[in-house]
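The values are calculated or read from the model by the stated rules, or taken from the named source; none is laboratory data. Keep in mind it's a predicted model, so treat the numbers as computed, not measured. Here the Cβ positions follow ideal geometry from the backbone for every residue, glycine too, while neighbour counts run over all protein chains shown.
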Amino acid sequence: MKPGLRPDESMGITEVRTWVIFYLLSFVVLLVAIFITTQNDSQLWISLMLIIVVVGVNFFMLFSELKRYQARKAFMHRMSKFDDAGTDTDSSGHRW
């Protein structure tokens, strides 16, 4: 974890590797789609399908990652709240 970052703001090295591999594969698929498009073999539907699949999977992965991040943030927020009714405090309000 990098200094200055909270645990919920840092990304593990395994997650970074997964995203790099995912986007490299997406890039290769888009290059194949461009190659198929430049060929005049009337296979334009294949390249269009590849582009739609890559863009759809990217949006799905982004949406699921944002949803997972929000769930983790809400969980950390719930865990960080203190239950004032269950804590022992003295007359000055300090916990002991």
Select from segment 1-26 the residues that are over 20 Å from residue 63 (Cβ atoms) and outside any loop (DSSP other than H, G, I, E, B) and write down the one among them that is modelled with the highest pLDDT. 24
Every residue from segment 18-31 that is loosely packed, with under 13 Cβ neighbours inside 10 Å and among the aliphatic types (A, V, I, L, M): 20, 21, 24, 25, 28, 31
Kindly indicate which of 62, 50 is under 22 Å from residue 75 (Cβ atoms), modelled with pLDDT under 90 and part of a helix (DSSP H, G or I). 62
